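*Asks:* The structure is given below, and queries will be raised subsequently.
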Amino acid sequence: MTSVAENLERVREQIARAAAKSGRTTDDVELVAITKTHPADKVREAIETGQTLFGESRVQEARAKIPELPSNLRWHFVGHLQKNKIRHALPLFEMIHSVDSLALAQDMNRVAEEEGMHPRVLLQVNVAGEGSKFGFSPDKLRHQMEELLALPRLSILGLMTIPPLAEEAEASRKYFVQLRELRDRVQTDFRVDLAQLSMGMTQDYAIAIEEGATLVRVGTAIFGERMRRKH
Ligand SMILES: *Cc1c(COP(=O)(O)O)cnc(C)c1O
């Protein structure tokens, strides 16, 4: 069994190599270490190696775990956000990767107004059009972009995607390219700056970086297999 420290070292090497391949450096790519299902002690092992950016996908779990850990860490939310959890999520997370509908964005804007906050968000895009997945279709995103940009409390910083599950990491490449190209078009058409591309997980983060990812969300390669959730 390898340690979290060794795993992180390996992942950081891979990130550096993939960044170099795309003519960038490690500084252009941020590693979000996804801690869902893993206890605070596991997170501390990562902190000892200098990791300060972490991600969670469930508000309830994050509300229990984050207060157990040092307060200088940065947390990103990457899961589907239920409307009734917005108020709890906003103060815990410096970025929400997964704004997946106009209705959610509008609710977040309203809650942020009430709480005096300015959330930094990414819009989640379902590029493959999978029925089971959350997210804007590329068409819907373009149609609703005007309304999204008009929400005064939200800072929309980029796009996020989760490609379909596949055996081969290479299968994800075309979806990453599609997300980047969609981002480029939306930037031009709406004259906005969408610098952040959140794409790539354990299986395919190297390929995501080659295609322009600025945020990779890696769990299993760092912390090992996830514990099963208790029901
Ligand atoms: C769990 C999760 C990850 C991390 O997945 P791994 O395959 O374990 O790296 C990344 N993104 C999201 C949205 C997740 O829910």
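*Asks:* Residues in region 101-116: is at least one in a loop (DSSP other than H, G, I, E, B) and of a type in the set (Val, Ile, Thr)?
*Replies:* No, region 101-116 contains no residue that is in a loop (DSSP other than H, G, I, E, B) and of a type in the set (Val, Ile, Thr).
*Asks:* For Ala166, state whether it is surrounded by fewer than 21 Cβ atoms within 10 Å (Cβ to Cβ), within 16 Å of the ligand (Cβ to nearest atom), more than 14 Å from the chain's Cα centre (by Cα) and in a helix (DSSP H, G or I).
*Replies:* Judged against the criteria, Ala166 is not a match.
*Asks:* Mind listing whichever residues of region 26-52 are within 16 Å of the chain's Cα centre (by Cα), within 16 Å of the ligand (Cβ to nearest atom) and among the hydroxyl-bearing types (Ser, Thr, Tyr)?
*Replies:* Selection gives Thr35 alone.
*Asks:* Any residue in region 212-231 that's modelled with pLDDT under 95: show its pairings with residues that are near the ligand (Cβ under 9 Å from one of its atoms) at Cβ separation under 6 Å, as long as the two are six or more apart or on different chains.
*Replies:* Qualifying pairs under 6 Å: Arg226/Thr37; Met227/Thr37.
*Asks:* Mind checking which pairs have a first residue in region 25-40 that is farther than 16 Å from Val218 by Cβ and a second that is within 16 Å of the ligand (Cβ to nearest atom), Cβ under 6 Å, 6 or more apart or different chains?
*Replies:* Cβ pairs passing all conditions: Ala40/Lys65.
*Asks:* Something else about it: Among the residues of region 53-80, how many are more than 29 Å from Ala18 (Cβ to Cβ) and within 14 Å of the ligand (Cβ to nearest atom)?
*Replies:* Residues that pass the stated criteria total 2.
*Asks:* Need pairs with beta-carbon distance below 8 Å; first residue at negative phi and within region 127-147, second acidic (Asp, Glu); sequence gap 6+ or separate chains.
*Replies:* So the pair list comes out as Phe134/Asp100; Phe136/Asp100; Arg142/Asp189; Met145/Asp189.
*Asks:* Moving to a separate point now. Filter region 187-231 for residues that are within 21 Å of Val43 (Cα to Cα) and of a type in the set (Lys, Arg); which is farthest from the ligand (Cβ to nearest atom)?
*Replies:* Lys230
*Asks:* From (1) part of a helix (DSSP H, G or I); (2) hydroxyl-bearing (Ser, Thr, Tyr); (3) surrounded by fewer than 22 Cβ atoms within 10 Å (Cβ to Cβ), pick out the condition that doesn't hold for Ser172.
*Replies:* With (1) part of a helix (DSSP H, G or I); (2) hydroxyl-bearing (Ser, Thr, Tyr); (3) surrounded by fewer than 22 Cβ atoms within 10 Å (Cβ to Cβ) applied to Ser172, the lone miss is (3).
*Asks:* Among the residues of region 81-89, is there at least one that is without any contact (Cβ under 8 Å) to a residue 24 or more places away in the chain, hydrophobic (A, V, I, L, M, F, W, C), touching a Phe, Trp or Tyr at 6+ places or on another chain (Cβ under 8 Å) and crowded, with 21+ Cβ neighbours inside 10 Å?
*Replies:* The answer is no, given that none of the residues of region 81-89 is without any contact (Cβ under 8 Å) to a residue 24 or more places away in the chain, hydrophobic (A, V, I, L, M, F, W, C), touching a Phe, Trp or Tyr at 6+ places or on another chain (Cβ under 8 Å) and crowded, with 21+ Cβ neighbours inside 10 Å.
*Asks:* Suppose we filter Leu104, Leu141 for residues that are surrounded by 16 or more Cβ atoms within 10 Å (Cβ to Cβ), over 20 Å from Ile34 (Cα atoms) and in contact with a strand residue (DSSP E or B) (Cβ under 8 Å, 6 or more places away or on another chain); which single one remains?
*Replies:* Leu141
*Asks:* Output the number of residues of region 144-155 satisfying the condition of being assigned to a helix (DSSP H, G or I) and either exposed (fewer than 11 other Cβ atoms within 10 Å of the Cβ) or modelled with pLDDT under 95 (or both).
*Replies:* Final tally of qualifying residues: 1.
*Asks:* Please specify each residue of region 45-60 satisfying the condition of being surrounded by fewer than 16 Cβ atoms within 10 Å (Cβ to Cβ) and in a loop (DSSP other than H, G, I, E, B).
*Replies:* Gly50, Thr52
The values are calculated or read from the model by the stated rules, or taken from the named source; none is laboratory data. Fair warning: this is a prediction, and the values are worked out from it, not measured in the lab. Cβ: placed from backbone, ideal geometry, glycine included. Neighbour counts: every protein chain shown.
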